[in-house]
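Data first, discussion second: the structure below is written as structure tokens.
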Amino acid sequence: EIFYKQFNGKRDLLLLGGDVQPIDEVSSYEFSEKILDIVQKFNGKEIITLGGVGLADIPKKPKVYCTGNTKKILDKYKSELVSNKLYGVVGPIVGVSGLLLGLASRRDMEAISFLAETYGHPMYLGIKGAKEILNVLNKKLSLNIDINKLDREIKDIETEILKKTEQLSEVTKQIALKKLQRRFGRDVDYIG
């Protein structure tokens, strides 16, 4: 989905959000080029992509890193909240988030990517890291988002996710026990 927001005639903001992206190379390029076509129709000047840096453990206070396709855009977004010291921490930026950085250069558009530390597990949402990126964007783009209100929503979401994860774990355990019972033909009540 693409969302459009106008800020007092000063600038416009296009937000692209979704749960999926193309998985093959050709489709990823086609999709990214189409996004850049839309940005150009709106006379867009910058591309900002978001992503995560998968870690082995859940970070207590996720750090935010950035990289861009020009020194000028890196200088613009540099702050105490963002590090551009990526070497040895961040690997390749894959998918549309990475492609847009490179393809924007071909169209003389500046692009930057913000990457928050997160737990590298497919079921982990990385809400705390997303909040850290939102903090950066809120300050740099003057979005006037009430972060305190967001904190309450994050707590509610994390509580709900924890409940669902526990429920899913219990269902998975029960399914495994039933399979073992069928296989061994007797009651099994513990998986170690």
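Every number in this text was worked out from the coordinates using simple rules, so none of it is lab data. What you are looking at is a predicted structure, and each value in this text was computed from that prediction instead of being measured. Heads up, the Cβs are rebuilt from the backbone with ideal geometry, glycines too, and the neighbour counts pull from every protein chain shown.
Quick look at the numbers
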item: Within the chain, helix-based [θ] at 222 nm, where runs of 4 or more DSSP H residues each add -39,500 (n - 2.57), nearest 500; result: -15500 deg cm²/dmol
item: Options L15, T70, G51, ranked by Cα towards positive dipole end of segment 1-97, top entry (Cβ charges); result: T70
item: FRET efficiency, 1/(1 + (r/R0)^6) with R0 22 Å, evaluated for I23 and K45 via beta carbons; result: 0.15
item: Selection from A130, V96, L168, by position along the positive dipole direction of the chain (Cβ); result: A130
item: Mean shadow area of the chain over all directions, Cα convex hull, nm²; result: 14.8 nm²
item: Rounded D (µm²/s) - segment 63-108, Kirkwood Rh over Cα pairs, Stokes-Einstein at 10 °C, 1.306 mPa s; result: 137 µm²/s
item: Counted charge near S79, where neighbours are those whose Cβ lies closer than 14 Å (Asp, Glu -1; Lys, Arg +1); result: +3
item: Approximate shape of segment 23-85 as ellipsoid semi-axes (Cα gyration tensor, √5λ), whole Å, largest first; result: 27, 19, 9
item: Reachable lysines from K72, criterion Cα separation under 21 angstrom, eight or more residues apart if same chain; result: K10, K45, K85, K139, K140
item: Acute angle (nearest 10 degrees) that the helix 25-41 long axis makes with the longest principal axis of the chain, alpha-carbon atoms; result: 40 degrees
item: Two-site label geometry, V94 and Y4: point separation in nm, points 7 Å out along Cα→Cβ; result: 3.5 nm
item: Amide proton proximity set for T49, modelled H, under 5 Å, gap of 5+; result: I112, S113, F114
item: Segment 1-106 - Kirkwood radius from inverse mean 1/r over Cα pairs (Å); result: 15.6 Å
item: Choice from L103, L16, L168 showing the highest fluctuation, given a GNM over the chain with Cα pairs closer than 10 Å; result: L168
item: Summed residue charge, Cβ within 11 Å of V39's Cβ, Lys/Arg positive, Asp/Glu negative; result: 0
item: Candidates I38, I127, I93: whichever shows maximal mean-square fluctuation once the chain is modelled as a Gaussian network with Cα springs under 10 Å; result: I38
item: Relative contact order, percent, segment 1-65 [alpha-carbon distance under 8 Å, six or more residues apart]; result: 17 percent
item: Protection proxy ranking, peptides 106-118, 23-35, average beta carbon neighbours within 10 Å, highest first; result: 106-118, 23-35
item: Debye, to nearest 20: dipole size of segment 3-117, +1 on Lys, Arg Cβ, -1 on Asp, Glu Cβ; result: 620 debye
item: Listed residues Q21, Q40, Q174, most fluctuating in the chain (Gaussian network, C-alpha, under 10 Å); result: Q174
item: Phi to ³J(HN,Hα) by Karplus 6.51 cos²θ - 1.76 cosθ + 1.60 over segment 67-81, Hz, x for Gly, Pro; result: 8, x, 9, 9, 5, 4, 6, 5, 5, 4, 9, 5, 6, 5, 8
item: Debye, to nearest 20: dipole size of the chain, +1 on Lys, Arg Cβ, -1 on Asp, Glu Cβ; result: 340 debye
item: Per-residue ³J(HN,Hα) for segment 159-164, Karplus 6.51 cos²θ - 1.76 cosθ + 1.60, θ = phi - 60°, Hz, x for Gly and Pro; result: 4, 5, 5, 4, 4, 5
item: Within the chain, percent of DSSP bridges classed antiparallel, to nearest 5; result: 50 percent
item: Debye equation applied to the C-alpha atoms of segment 91-192, log10 I(q)/I(0) at 0.25 Å⁻¹; result: -1.27
